[in-house]
Ligand SMILES: Nc1ncnc2c1ncn2[C@@H]1O[C@H](COP(=O)(O)OP(=O)(O)OP(=O)(O)O)[C@@H](O)[C@H]1O
Ligand SMILES: [Mg+2]
């Protein structure tokens, strides 16, 4: 956890993290090198300008050398133009460096998000992962492309200003440096106040986002339970906090410049006066001009370095979170040497002494065994929380068993390539998720080789076709994420079509419990009938009609197979199944 690291370890941690970040910079090294060189060039130009002006005044004008003045002016013009061009190119280079980094890092993170097994998502809030890929990566980009580069640039610039001042007048320069502690002190104070200010701004901003997010996601509940006023009041508070925090930071900015400028100019005047009267330094107009110019050039780099310290801290915290995500182990892995796959699975399934627990303290399955013959259709029933969905997850290898084995046609699942395995098994979850896109895309899911005719055939088989036909754009009708266009029943049919289009060997279904009207109910029954025809199937059944459709019923209880048989057999037996049935704990006919 980002907040729990030992502060004494922070520098070591920061250094290790920086090294890994720099690996991303190294991938884009030509841009990084170009950025540094360009920055050097335009900073040098900036520092050279007052020096040239000083030469023009003290040497050319004082000496009455008009041709010399013209030459100096020409040089000044060229250097200014060169500096501007370099600055422009630098900005382009450094921003593309930042954007490329963002791209690389985000892509790596996204791949990781796709690769991670379900157990990661079980224990991580979605918002956290989302923030890793968006805000955290952005904080890192800001640090790399604006932070590191500008700190290096600022240090260089400060160094060059020193050198230029020393070159103009050694004694005067040394005396002027006496005012430096004022800058450092003012900057340190400034840094402290903007740091706490930015922290409050960030916090207030996060609160605004959270509040807004909750309001939008929960808008239905807010209306139904009439809690609008409370949300409005909360939001107003967060909004005000943000304003106050922001204004506080702005006050620090507003003070820093005028105060520092005043103090430094005053200091410079005193220095010049003292140098002249006490040490007898000769004061020339050009020198005075150049010194004032340099002292005022000091602020920007100093202030930026102070600001960049915050960027650095924010970036290190972000880096820690991002690396934490990148370093997450992938618990379900492909075997090193996958077993050869037959063209089709016959569909013989076996659970052999399967043990599984999400949390070692609370085992869900303990010694669950059963065999399912090719083409057999079985229903899985049991009390809520008995582990039915878990069994299906194990068959798909969303998790690996902690003991025993699951086999398919005699081969252990762990010897098969994971993606291939999931391709042959169509799993229909209890609730359907619809992606942004058209109806056809939601059925075919962009799987290569699945054309419109296959999609339509699957939709017909799933009895969804008549509903699509009447939509204004047919199969090209857009469904939003929430799928508001489709009713609950239609969404179920769509999930069947999604399974059918892939021509699976095995069908696994977590039957939806959502009640639909009786007309749709019959439709769903018929569609299930089509779905199961000729396939090995496991169904977590909630409907009597589905129970009647299957060959055998498995009753799961306390992590084991408690009973098995047909509906009538099990009822006659008067055991757990008949209890379940009588209590209507799971069946709605
Ligand atoms: N992702 C998870 N992380 C931790 N524990 C889990 C997770 N999923 C399920 N469990 C726990 O495992 C047990 C079995 O859950 P499972 O979802 O398999 O039950 P189920 O039989 O499908 O129930 P239902 O009929 O209500 O769908 C429950 O006690 C549940 O709390
Ligand atoms: Mg379940």
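Worth a mention:
- Residues of the range 419-436 that are surrounded by 17 or more Cβ atoms within 10 Å (Cβ to Cβ), away from ligand 1 (no atom under 16 Å from the Cβ) and farther than 21 Å from residue 116 by Cβ: 424, 426, 434.
- Applying the criterion of being closer than 30 Å to residue 115 by Cβ, assigned to a loop (DSSP other than H, G, I, E, B) and in contact with a strand residue (DSSP E or B) (Cβ under 6 Å, 6 or more places away or on another chain) to the residues of the range 374-402, the residue that is nearest to ligand 2 (Cβ to nearest atom) is 387.
- From the list 174, 103, 114, the one residue that fits, being without any contact (Cβ under 8 Å) to a residue 40 or more places away in the chain, over 30 Å from residue 31 (Cα atoms) and assigned to a helix (DSSP H, G or I), is 174.
- Index of the failed condition, residue 551 passing every other in (1) more than 41 Å from the chain's Cα centre (by Cα); (2) under 22 Å from residue 366 (Cβ atoms); (3) in contact (Cβ under 8 Å) with a residue 12 or more places away in the chain: (2)
- For residue 516, the criteria (1) at pLDDT below 90; (2) within 16 Å of ligand 1 (Cβ to nearest atom) hold in every case but one, which is (2).
- For the range 339-357, a residue qualifies if it is assigned to a loop (DSSP other than H, G, I, E, B) and either within 15 Å of ligand 1 (Cβ to nearest atom) or over 20 Å from residue 510 (Cα atoms) (or both), and the qualifying residues are 339, 340, 341, 342, 343, 344, 345, 346, 357.
- Number of residues in the range 110-132 that are modelled with pLDDT of 85 or more and closer than 20 Å to residue 311 by Cβ: the value is 0.
- For the range 358-373, the set of residues classified as part of a loop (DSSP other than H, G, I, E, B) and away from ligand 2 (no atom under 16 Å from the Cβ) consists of 360, 361, 363, 373, listed by residue number.
- Among the residues of the range 383-409, those that are within 13 Å of ligand 1 (Cβ to nearest atom) and at positive phi comprise 385, 387.
- Subset of the range 407-460 [in a strand (DSSP E or B) and farther than 25 Å from residue 341 by Cβ]: 437, 438
- Test for residue 31: is it under 29 Å from residue 299 (Cα atoms), out of contact with any helix residue (DSSP H, G or I) (no Cβ under 6 Å at 6 or more places or on another chain), part of a helix (DSSP H, G or I) and at pLDDT 90 or above: no
- Unique residue being without any contact (Cβ under 8 Å) to a residue 60 or more places away in the chain and either more than 27 Å from the chain's Cα centre (by Cα) or closer than 30 Å to residue 471 by Cα (or both) when the list is 415, 441, 420: 441
- Taken as a whole, the range 185-202 holds no residue that is in contact with a helix residue (DSSP H, G or I) (Cβ under 8 Å, 6 or more places away or on another chain), at pLDDT 85 or above and surrounded by 14 or more Cβ atoms within 10 Å (Cβ to Cβ).
- Residues being away from ligand 1 (no atom under 15 Å from the Cβ) and surrounded by fewer than 16 Cβ atoms within 10 Å (Cβ to Cβ) - total across the range 531-563: 5
- Leading residue by the ranking (surrounded by the fewest Cβ atoms within 10 Å (Cβ to Cβ)) among those in the range 209-242 that are touching a helix residue (DSSP H, G or I) at 6+ places or on another chain (Cβ under 8 Å) and under 27 Å from residue 191 (Cα atoms): 239
- Taken over the range 293-311, the criterion of being surrounded by fewer than 17 Cβ atoms within 10 Å (Cβ to Cβ) and at pLDDT 80 or above is satisfied by 296 alone.
The values are calculated or read from the model by the stated rules, or taken from the named source; none is laboratory data. Just so you know, these numbers come straight off a predicted model, no measurement behind them. All Cβ positions, glycine included, derive from the backbone under ideal geometry; neighbour counts span all protein chains shown.
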